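Trainee: Okay, here's the structure, questions in a sec.
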Amino acid sequence: MAQLSQPAQNCVVQDEIQQQLAAGLLAAHAHTSPKYLYDVLGSRLFAAICELPEYYPTRTEAAIFALHAQQIAAAVGPDAILIDLGAGNCSKAARLFPSLRPRQYVAVDISVQFLEEAVSALRQQFPQIEMTCLGMDFSSELELPATLGMDRRQFFYPGSSIGNFAPLEALMFLRRIRKGIGSSGGGLLIGVDLIKDKAILNPAYDDALGVTAAFNLNLLHHVNRLLDADFRPRDWRHRAFYNSEQHRIEMHLEARNELTVHWQNGGMRRFARGERIHTESSYKYTREGFVDMLQQAGYGAVQTWCDPNNWFMVCHAQVA
Ligand SMILES: C[S@@+](CC[C@H](N)C(=O)[O-])C[C@H]1O[C@@H](n2cnc3c(N)ncnc32)[C@H](O)[C@@H]1O
């Protein structure tokens with residue numbers, strides 16, 4: 001296949017993004033990929049969500065990492081290449097550096113500008129660790145640069161971001177990571193949110209201050225820029241609830257009134273009052289269900305650590 005020059009490649013990517021967004025908006029049940037929640041402001045709002053009292057995943061996962069630091073470090077082993085998928089502000093990896101002692105840190109995220117700022121601050125703090133910043137969308141492919149070493153690749157995928165994939169897609173994503181690890185003593189350290197009472201789940205995605213609402217509504221600004229669309233965030237309201245049949249939180253944007261949205265090249269859609277755009281799912285698992293998925297994805301020994309309430313789980317899966 002002919003190689004595309006960089007600007008031509010960017011145009012192809014932009015076309016793909018626009019086609020994907022337009023197709024989702026025109027679907028019978030309008031939807032957008034959760035990756036569009038993350039522009040610079042979206043990344044900042046997500047970091048604020050992690051501080052909210054209702055958002056238990058971040059602090060529960062941090063408590064598991066703190067309590068089981070030695071065992072987790074023993075499972076991961078020192079001198080690894082730590083590859084942080086969806087690194088965001090990199091704060092989770094940074095907290096683990098003293099116990100994991102990686103030789104290299106590779107931060108990967110679609111929200112490139114935000115990631116670059118985070119990594120450049122981290123370089124000052126940990127000059128002994130070689131750091132690489134990779135701006136990429138890993139939702140369909142996980143292609144790491146050929147120059148990256150293969151020895152002891154440890155992927156890090158915290159925060160239950162795996163829950164943003166539907167279960168079959170999650171299985172395929174775990175297989176892609178498995179392939180990326182290769183066969184020289186690597187593994188995957190992953191955080192997974194567990195099924196629990198909706199009285200705990202619902203407020204975590206619909207907080208009293210409205211930070212998650214702002215995070216969800218900000219997607220419309222992002223889509224306006226990507227698709228030259230005319231969404232007005234004031235015309236939409238945030239909806240988030242646990243769907244107990246599908247074991248997932250659903251986030252939607254709901255039209256406050258009947259309205260029409262337009263975008264480039266004559267694209268348009270009329271939304272009835274109350275009609276929704278599905279913007280994110282966050283699947284919850286049982287411990288056994290997720291370990292079974294890791295095994296189906298081809299991993300070997302799996303170690304798990306949970307908090308005392310069994311709200312959240314951290315797993316380390318080795319590659320046999
Ligand atoms: C739920 S946040 C988690 C951030 C951080 N790892 C944590 O646990 O707090 C998801 C992160 O993944 C990134 N992300 C989402 N979809 C992505 C994709 N398709 N490709 C690359 N990064 C993605 C977002 O920009 C965001 O930083």
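Trainee: If each of H29 and Q14 carries a label point 7 Å out from its Cα toward its Cβ, how far apart are those two points in nm?
Mentor: Here the answer is 3.3 nm between the modelled labels.
Trainee: What ³J(HN,Hα) values, in whole Hz, does the Karplus curve 6.51 cos²θ - 1.76 cosθ + 1.60 give for region 286-291 when θ = phi - 60°, with x put for Gly and Pro?
Mentor: Ordered by residue, 3J(HN,Hα) equals 8, 4, 5, x, 6, 4 Hz.
Trainee: Right, something else. Full extension from S140 to S183: what is 0.36 nm times the residue separation minus their Cα-Cα distance, to one decimal in nm?
Mentor: Working: separation 43, 0.36 × 43 = 15.48 nm, distance 2.23 nm.
Net length gain for the segment: 13.3 nm.
Trainee: Using only Cα atoms, find the angle between the long axis of helix 167-181 and the longest principal axis of the chain, and express it within 0 to 90 degrees, rounded to the nearest 10.
Mentor: Orientation of helix 167-181: about 40 degrees from the principal axis.
Trainee: Grab the DSSP H runs of the chain that are 4 residues or longer, score each as -39,500 (n - 2.57), total them, divide by all residues and round the 222 nm result to the nearest 500 deg cm²/dmol.
Mentor: Computed ellipticity for the chain at 222 nm equals -12000 deg cm²/dmol.
Trainee: Would you kindly state how much longer the chain becomes between N310 and Q246 on full extension, computed as 0.36 nm times their sequence separation minus their alpha carbon distance, in nm to one decimal?
Mentor: Separation in residues times 0.36 nm, less the Cα-Cα distance, equals 21.1 nm.
Trainee: Output wanted: per-residue J couplings in Hz (rounded whole) for region 42-50, from phi through Karplus 6.51 cos²θ - 1.76 cosθ + 1.60, θ = phi - 60°, x for Gly and Pro.
Mentor: For region 42-50, the Karplus curve yields x, 5, 5, 5, 5, 4, 5, 4, 4 Hz.
Trainee: Out of C11, C306, C90, any idea which swings most in a Gaussian network model of the chain, alpha carbons joined below 10 Å?
Mentor: Top of the fluctuation ranking is C11.
Trainee: Which value, in debye to the nearest 20, gives the size of the charge dipole of region 26-147 about its Cα centre, when Lys and Arg are +1 and Asp and Glu are -1 at the Cβ? Intermediate values should be presented prior to the final figure.
Mentor: Numbers: 8 positive and 13 negative charges, 75 e Å.
Roughly 360 debye, rounded to the nearest 20.
Trainee: Sort the following peptides by mean Cβ neighbour count (other Cβ atoms within 10 Å, averaged over residues), highest first: 98-104, 270-276, 188-194.
Mentor: 188-194, 98-104, 270-276
Trainee: By the scheme Lys and Arg +1, Asp and Glu -1, what is the net charge of all other residues having a beta-carbon under 13 Å from that of A272?
Mentor: +1
Trainee: Let me ask something else. Per residue of region 30-40, what does 6.51 cos²θ - 1.76 cosθ + 1.60 with θ = phi - 60° give for ³J(HN,Hα)? Whole Hz please, x for Gly and Pro, Karplus curve as stated.
Mentor: 4, 8, 9, 6, x, 4, 7, 6, 10, 9, 4
Trainee: Right, something else. Pick out, from A48, P78, G135, the residue whose Cα sits farthest towards the positive end of the charge dipole of region 32-139, with +1 on the Cβ of Lys and Arg and -1 on the Cβ of Asp and Glu.
Mentor: P78
Trainee: Here's a follow-up. Defining a contact as two alpha carbons under 8 Å apart and six or more residues distant in sequence, what relative contact order in percent does region 3-99 show?
Mentor: Dividing the mean separation by the residue count of region 3-99 yields 18 percent.
Trainee: Mind sorting I277, I181 by how few other Cβ atoms lie within 10 Å of their own Cβ, fewest first? Intermediate results must be reported in sequence, preceding the final value.
Mentor: On the way: I277 26, I181 22.
Ascending Cβ contact count within 10 Å gives the list I181, I277.
A short reminder: the numbers here are calculations on the coordinates, not readings from a lab. Small disclaimer: the values here were computed from a predicted structure and weren't measured. Backbone-built Cβ (ideal geometry, glycine too); neighbour counts: all protein chains shown.
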